[in-house]
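Everything on this sheet refers to the single structure shown next.
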Amino acid sequence: MAENEPTPQARPAYAVPDSGGGSGNYSNSAITTVGSGEPLPNSRDEQILAAKISRAMLSGPRHITRDATVADMDEQGNRVVLRQGTNDWVCFPGDENEIGNVPMCADPNGLQWMNDLKAGKPAPTNTAPGIIYMLCGATQHSNTDPFDRTSPAIPIGPHWMIIWPYDAARDGLPNTVRDAGAWVMFDGTPYAYLHICGTPWDGNEYVRGQVPIWTMRYGNPNEPAPK
């Protein structure tokens with residue numbers, strides 16, 4: 001948090017998010033200024049800690065993040081536990097001032113994949129599919145090169161990832177950035193995986209007795225979207 005940045009009206013560290021996932025807007029103001037009805041921590045350090053935990057908990061489904069370990073990285077790249085959890089998931093608050101350092105929540109295999117990528121290994125070492133949630137959205141340098149650290153930021157909406165070697169041509173999937181649907185990120189590299197836009201709870205839940213209503217609509221990009 002920068003010195004001149006307003007103190008976020010963060011949830012205290014013991015608060016629990018109200019929604020099923022993130023807000024979809026990757027910023028301190030959108031993610032951490034969510035009131036919980038609880039008093040704010042008093043000291044600046046406590047407020048920063050509460051903001052970090054709030055951001056991390058909003059990165060994945062509530063029933064996972066409420067029991068997950070929340071961790072951060074120090075300047076040496078070492079993991080620092082901010083709150084010990086009781087399940088196998090680890091959530092990170094990220095830093096919106098650093099491209100690619102985003103709020104996320106990973107299971108053990110997803111975390112292994114992420115650690116391998118950060119270490120620059122030629123290929124990930126997870127031996128089973130992993131899951132990573134980024135329900136607050138993200139930024140990253142490239143859709144094609146997992147080791148790109150210099151290209152301008154690509155903004156990406158809320159999504160989740162199946163960490164396993166997908167192949168776009170083999171699997172009949174796109175490999176370009178989209179705002180809906182799914183695509184293969186880093187296609188053609190050992191770090192390729194399936195990127196799924198939105199959350200698993202998008203859409204309407206089926207209730208027996210309902211009928212299907214199929215709709216499709218094209219739009220002119222120069223006209224405002226219908227409300």
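The values are calculated or read from the model by the stated rules, or taken from the named source; none is laboratory data. All values derive from a computational prediction rather than experimental measurement. Quick reminder, even Gly has a Cβ in these numbers, built from the backbone with ideal geometry, and neighbours come from all protein chains shown. The accessibility values were calculated without ligands, DNA or RNA, using every heavy atom of the protein model including side chains. Shrake-Rupley method; radii C 1.70, N 1.55, O 1.52, S 1.80 Å.
On a full-extension model of 0.36 nm per residue, what is the gain between H63 and I162, subtracting their alpha-carbon distance, rounded to one decimal in nm?
Contour length minus Cα-Cα distance gives 33.8 nm.
For region 146-227, which whole percent of the accessible surface, found with a 1.4 angstrom probe, sits on carbon and sulfur atoms?
Carbon-and-sulfur percentage of accessible area, whole number: 56.
By how many nm would the segment from D148 to Q210 grow when fully extended, if each residue of separation counts as 0.36 nm and the alpha-carbon distance is taken off?
Here the answer is 17.6 nm.
Can you pull out the GluC sites (Glu not before Pro) in region 59-123 that DSSP calls coil and that have at most 15 other Cβ atoms within 10 Å?
For GluC sites (Glu not before Pro) across region 59-123 that sit outside H, G, I, E and B with at most 15 neighbouring Cβ atoms in 10 Å, the list reads E75, E98.
Calculate, in nm to one decimal, what R83 and A119 gain on full extension: separation in residues at 0.36 nm each, minus their alpha carbon distance.
Stretched out fully, the R83 to A119 stretch lengthens by 10.5 nm.
State whether region 94-227 is rounded, prolate or oblate according to the following rule on the C-alpha gyration tensor (a ≥ b ≥ c being the square roots of its eigenvalues): a/c under 1.5 gives rounded; otherwise a/b larger than b/c gives prolate, and the remaining case gives oblate.
prolate
Are there trypsin sites (Lys or Arg not before Pro) in region 167-220 that DSSP puts in a loop and that have at most 10 other Cβ atoms within 10 Å, and which ones?
When the trypsin sites (Lys or Arg not before Pro) of region 167-220 are filtered for loop state and at most 10 Cβ neighbours within 10 Å, R208, R217 remain.
Could you calculate the FRET efficiency of W201 with D179 from 1/(1 + (r/R0)^6), where r is the beta carbon distance between them and R0 is 25 Å, rounded to 0.05?
Result of the calculation: an efficiency of 0.90.
Where only protein heavy atoms count, and the probe is 1.4 Å, what is the accessible area per residue for region 76-200 in Å²?
48 Å²
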